[in-house]
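Contents: one structure, followed by commentary.
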Amino acid sequence: MAEKIAEQIRLLKRGTIEIFKEDELSEKLTEAAKTPRQLRIKLGLDPTSPDIHLGHTVVLRKMRQFQDLGHKAVLIIGDYTARIGDPSGQNTTRPTLTDEQIRQNAKTYFTQAGKVLDTSDDRLEVRYNSEWLEKMSLMELIQLAAKKTVAQMLQRDSFKKRLAAEDDVYTHEFLYPLMQGYDSVVIESDVELGGTDQTFNNLVGRDIQRAYGQTSQIVITMPILVGLDGKEKMSKSKGNYIGVTDEPNDMFGKVMSISDDMMENYFTLLTDLPAEKIAKLANPDKTHPKKAKVLLAKKIVTQFYNEATAQLAAAQFDKVFAQGQLPDDIPVVKISSEPIMASKLLVLCDLTSSSSEAKRMVKQSAVSINANKISDPNAEITPKDGMVIQVGKRRFARLKIK
RNA sequence: GGGUCGGUGCCCGAGUGGUUAAAGGGGAUGGGCUGUAAACCCAUUGGCGUAAGCCUACGUUGGUUCAAAUCCAACCCGGCCCA
């Protein structure tokens, strides 16, 4: 029994940054196994952006491990909080969403999370926090706010930094940690998962639960996945992300574009490979980095599609980028056979966003027609069936005369 | 409420009457080199136009001027200090 629990802890610890606190987790797991009962594992989701990417899956994968051990995932859709705005202060101009948008986002979010999570009824519970927050009275809110001091709130790293940098910190931002903590009380969570950026909020949950007479949840923090640029965290707004719904070829290509020193991290957080194996793959003396990266890309594509698709994506990648051949699936653009100026043709094929950009591209010898580089943006092109226009390395269009 | 500083392109930031589509940096994109890696080198980075050129842009609105991101006024928004 004790051994089994130790084994579970070992598994659950993989890839985590910190567990508050490990011995409590061990107690909970032991108690759950004895009773028996399912632990309730909380994860808060922000439905302001509908698409989830690999950064989200780091935490979702951890959640899946808990599910596989028999526990229950409780997803909290922060629909109420989303209506107010962004707590991180990253982007003050973020538009406030309508109920309809939020609901829509939550729905797609859920579908996408299902690619990682076990969605069967006894393993997953989805709750919207408007369910209880909407009903909260001002008095109740004041009582909640009375549980924490201002000094405690100012401990939060992002508040501290922003104050030091003389950036804005709005009063309502203090309410987010409190509300999230209150979520934990309502759903009686045993464990809360989150990225390290959520550490403060999630720890507030522990205090709030205690203040409301509950046992404190265990907080497990996961690393923030670095985005494709290798610098900032993966996020949709920064455009450095791999979405779980990205096309296989796209997904594969994006993984291939990460820098070598990010590979180990990606292997650890995004695959189930054992640590020893990863160490071998990440060591350039033992494995050629390109080869290791191909494996990583295949593993990732396989997770969201299947192995055969991953193989195809790998073959396609090799064909287009290693051998410089054309990809199989080039978007077809219908066009009349009238001669057209090159710069206009590019816009028409949606290969550039403006004709000014098109002209620049041509001048920079980025454009080729049927594999022949062109240099005059004003050249008249006579469209032919099957003619292939290429801009840069990865933008293609095939013409079809209508 | 008072004082003071500020609001510039995707971001940061220089510019204080004309030579400003606006220095410099970051980012991004294209080319070279490669393994669509990193590093490095070169180039591009508002729109329309075949071109000459035209249009739009420095918080908002109005004004002064031949000419305004730059001067004036009012307003909106924010930081800091004081209360």
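Read the figures in this text as sums done on the coordinates, not as results from a lab. Here the structure is a predicted model, which means the values were calculated and not measured. When we count neighbours, we look across all protein chains shown, and the Cβ atoms used for this are built from the backbone with ideal geometry, even at glycine.
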Directionally averaged shadow of the stretch A:248-322, computed from the convex hull of its alpha-carbon atoms, nm²:
4.6 nm²
Pull up the cross-link candidates among the lysines for A:Lys299, meaning alpha carbon to alpha carbon under 20 Å and not fewer than 8 places away within one chain.
A:Lys62, A:Lys115, A:Lys254, A:Lys277, A:Lys280, A:Lys286, A:Lys290, A:Lys291, A:Lys319
If the chain between A:Thr119 and A:Tyr305 were fully extended at 0.36 nm per residue, the gain over the current Cα-Cα distance would be 65.2 nm
Give me the net charge for the shell around A:Ser337: Cβ to Cβ below 10 angstrom, other residues only, Lys and Arg +1, Asp and Glu -1.
0
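For n ≥ 4 DSSP H runs only, could you compute -39500 (n - 2.57) per run for chain A, divide by its residues and tell me the 222 nm figure to the nearest 500?
Using -39500 (n - 2.57) per qualifying helix, the result is -13000 deg cm²/dmol.
Translational D (Stokes-Einstein, µm²/s) of chain A at 4 °C and 1.567 mPa s when Rh comes from the Kirkwood sum over C-alpha pairs?
Using the Kirkwood radius from Cα pairs, D works out to 54 µm²/s.
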Among A:319-330, A:199-210, A:110-121, A:374-385, how do they line up by average Cβ neighbours within 10 Å per residue, starting with the highest?
A:199-210, A:110-121, A:374-385, A:319-330
Where a label projected 7 Å from the Cα of A:Ile17 along Cα→Cβ would reach, residues of the stretch A:230-251 with amide N under 13 Å:
A:233-234
Treat each spin label as a single point 7 Å out from the Cα along the C-beta direction, and report the A:Gln323 to A:Glu380 distance in nm.
3.8 nm
Cα long-axis angle, helix A:99-113 against chain A (0 to 90 degrees, to the nearest 10):
80 degrees
Can you tell me which of A:Pro223, A:Pro289, A:Pro36 moves the most in a GNM of chain A? Springs connect C-alpha atoms under 10 Å apart.
A:Pro36
Can you give me the angle between helix A:307-317 and the longest principal axis of chain A, using Cα atoms only, in degrees from 0 to 90, rounded to the nearest 10?
40 degrees
For the stretch A:114-183, what ratio Rg/Rh do Cα atoms give with a Kirkwood hydrodynamic radius?
1.12
Could you pull out which residues in the stretch A:171-201 have an amide N less than 18 Å from a spot 7 Å beyond the Cα of A:Arg210, following the Cα-Cβ vector?
A:177-186, A:188-192, A:199-201
Cβ-derived FRET efficiency at R0 51 Å, A:Lys34 paired with A:Ser237, nearest 0.05
0.65
What's the exposure ranking of A:Glu31, A:Glu3, going from fewest to most Cβ atoms within 10 Å?
A:Glu3, A:Glu31
Using the Kirkwood formula over every pair of different C-alpha atoms, what hydrodynamic radius in Å results for the stretch A:267-402?
17.3 Å
Aspartates and glutamates within cross-link reach of A:Lys21: Cα-Cα under 15 Å, excluding same-chain residues under 8 positions apart?
A:Asp190, A:Glu192, A:Asp207
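Per residue and in cubic angstrom, what volume does the convex hull of the Cα atoms of the stretch A:172-311 have?
Expressed per residue, the convex hull around the Cα atoms of the stretch A:172-311 is 140 Å³.
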Over the stretch A:2-222, what is the mean sequence separation of C-alpha contacts under 8 Å (at least six apart), divided by residue count, expressed as relative contact order in percent?
26 percent
Per 5 Å bin, what is the whole-percent P(r) computed from every C-alpha pair distance within the stretch A:332-401?
4, 20, 34, 29, 12, 1
Local electrostatic count, A:Ile224, Cβ distance below 11 Å [Lys/Arg +1, Asp/Glu -1]:
-1
Charge context of A:Leu54, other residues only, Cβ under 13 angstrom, K/R +1, D/E -1
+3
In degrees, nearest 10, the alpha-carbon axis of helix A:54-68 is tilted away from the dominant principal axis of the alpha carbons of chain A by 50 degrees
Could you state the principal axis extents of the C-alpha atoms in the stretch A:2-222, from the largest down, to the nearest angstrom?
51, 37, 34
Using a Gaussian network for chain A with springs between C-alpha atoms less than 10 Å apart, which of these wobbles most: A:Ala279, A:Ala366, A:Ala211?
A:Ala366
Relative contact order, percent, chain A [alpha-carbon distance under 8 Å, six or more residues apart]
13 percent
